[in-house]
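Notes follow once the structure below has been shown.
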Amino acid sequence: MKKKSLVLLLSLAMVFAFVLSACGGGGESGEDTSGGGDEAAALKVVTEATFAPFEYTEDGNDEIIGFDVDMMNAIAEDQGLTIEWVNMEFDSLIPALESNQGDIICAGMNKLAGDRAEKADFGETYFKSNLMLLVAADSDITGLDAVTSDMKLASQIGTTGGDMVQEMANEGKIAEGVVLNQWTDCYLQLKNGEVQGVIVDKPVGANYLMEHSDIAKFVGEGFGETEEFAFAVKKGNTELLDKLNAGLANIKENGTYDELLEKYKMKSE
Ligand code: GLN
């Protein structure tokens, strides 16, 4: 009898041991024993990099640099976020959020313009600016109200300046509103005399004039509504937006934001 009980006991012990090993041992419940979870994927910051000094490239390489880049990198570090920058046309930025091709827009984008705030969630304002008219250095044009209906004005497609030149053309105030993909193309058309003016954000035009005051100048005063540049996330992504806003507040508090304004020789309106 004793022998039978012993054999039965040993058998039960073996069955129990087998069941235990088949359930992954005695590790912590939920512990990932597959080895190496996924690294958190970098958040894609989408921008249009001909908007110096906010975002631009130089010397023919692809690295995007500028105020927005330094600011967003500081915010990401403050909030423990990993980011990577993706360059695309300005009017592709909001669609990139909507289609999950991008996670954050940081592109000198005016959060007050048009229906943008219906399509994306914007953060706190990080810079205020007006639009200005840039003309050839030898132009007789004295300001936006001196532009005549035979003239062409250029600006970037999808931007507040781009919308303005198209509106002026539709109203017959100018012969054509030339909207181009890159700011550098707008400057080139002005330099070549193909357009008589460029409507551009004041700090961006001022940056261009730092090295091109021999061929171009600002005329008149700033116009249009005072723009409020803000980063944006996909509609509803409040968790990420809260982090970005907290990071912005922190870099303003610790002086990093002011150092960046100084570095890029800019002053918010
Ligand atoms: N501030 C302008 C806008 O929001 C232009 C932005 C840009 O060209 N990056 O439309």
Condition first: within 16 Å of the ligand (Cβ to nearest atom) and of a type outside the set (Asp, Glu). Now tell me which residues in segment 43-63 satisfy that. VAL45, VAL46, THR47, ALA49, THR50, PHE51, ALA52, PRO53, PHE54, TYR56, THR57
Give the residue that is farthest from the ligand (Cβ to nearest atom), with candidates limited to residues of segment 151-172 that are in contact with a Phe, Trp or Tyr (Cβ under 9 Å, 6 or more places away or on another chain) and among the hydrophobic types (A, V, I, L, M, F, W, C). ALA154
In segment 184-207, which residue that is more than 19 Å from the chain's Cα centre (by Cα) and assigned to a strand (DSSP E or B) is farthest from the ligand (Cβ to nearest atom)? GLY197
Residue under question is ALA154, and the condition is that it be assigned to a loop (DSSP other than H, G, I, E, B), touching a residue at least 24 places away in the same chain (Cβ under 8 Å) and of a type in the set (A, V, I, L, M); does it hold? no
Name the pairs: first residue in segment 109-127 and under 20 Å from ASP70 (Cα atoms), second residue modelled with pLDDT under 95 and of a type in the set (A, V, I, L, M, F, W, C), Cβ to Cβ under 8 Å, at least 6 apart or on different chains? PHE127/MET266
Give the number of residues within segment 117-145 that are within 10 Å of the ligand (Cβ to nearest atom) and farther than 25 Å from ASN207 by Cβ. 0
If THR148 satisfies all but one of (1) assigned to a loop (DSSP other than H, G, I, E, B); (2) within 11 Å of the ligand (Cβ to nearest atom), what's the number of the condition it fails? (2)
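For segment 179-234, which residues satisfy the criterion of being polar (S, T, N, Q) and surrounded by fewer than 21 Cβ atoms within 10 Å (Cβ to Cβ)?
Once the filter is applied, which keeps residues that are polar (S, T, N, Q) and surrounded by fewer than 21 Cβ atoms within 10 Å (Cβ to Cβ), segment 179-234 yields ASN181, GLN182, THR184, GLN189, ASN192, SER213, THR226.
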Taking segment 77-95 and keeping only residues that are more than 12 Å from the ligand (Cβ to nearest atom), of a type in the set (A, V, I, L, M) and surrounded by 20 or more Cβ atoms within 10 Å (Cβ to Cβ), one is left with LEU81
Residues of segment 118-156 satisfying the condition of being among the acidic types (Asp, Glu) and surrounded by 18 or more Cβ atoms within 10 Å (Cβ to Cβ): ASP121
Pick out the one residue from GLY108, GLY66, GLY114 that is within 11 Å of the ligand (Cβ to nearest atom), among the small types (Gly, Ala, Ser), under 27 Å from VAL219 (Cβ atoms) and exposed (fewer than 15 other Cβ atoms within 10 Å of the Cβ). GLY114
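The values are calculated or read from the model by the stated rules, or taken from the named source; none is laboratory data. A quick note: this is a predicted structure, and the numbers were derived from the prediction, not measured. Counting neighbours? That spans all protein chains shown, and the Cβs are built from the backbone with ideal geometry, glycine included.
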